[in-house]
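As structure tokens, the structure follows; a few thoughts come after it.
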Amino acid sequence: MPWLFLILAILAEVVATSALKASNGMTHWPAATLTVCGYAVSFYFLGLAFRIAFLERTDRGKCPCRNAWR
């Protein structure tokens, strides 16, 4: 499942980067809006992928060193 979110993050970043070039220095507002929204979606899915991958790696969050950080 984290791979799906990672692929979605990559696709959103590719779309946002393409829109960045089309925005002409952030002066063309539809492309600029797509750029900002694309990067926001990309960071969201990247964070989601990392969170799920961490929970799977640590046996659903039951890390033995969890109490050491409190």
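The values are calculated or read from the model by the stated rules, or taken from the named source; none is laboratory data. Given the structure is predicted, the values throughout are model-derived calculations rather than measurements. Methodologically, a virtual Cβ is constructed for each residue, glycine included, from the backbone with ideal geometry; neighbour enumeration extends over all protein chains shown. When the accessible area is computed, the model is the full protein with side chains, heavy atoms only, and any ligands, DNA or RNA have been set aside. Shrake-Rupley method; radii C 1.70, N 1.55, O 1.52, S 1.80 Å.
Worth pointing out:
- Matching residues, the stretch 1-30, being assigned to a helix (DSSP H, G or I), farther than 17 Å from PHE43 by Cβ and in contact with a helix residue (DSSP H, G or I) (Cβ under 8 Å, 6 or more places away or on another chain): TRP3, ALA22
- Within the stretch 30-53, residues that are of a type in the set (A, V, I, L, M) reach partners that are open to solvent by 70 Å² or more (accessible area, probe 1.4 Å) with beta carbons closer than 8 Å, at six or more positions or on different chains, in the pairs ALA31/LEU20; ALA31/ASN24; ALA32/MET26; LEU34/VAL15; ALA49/TRP3; ILE52/MET1.
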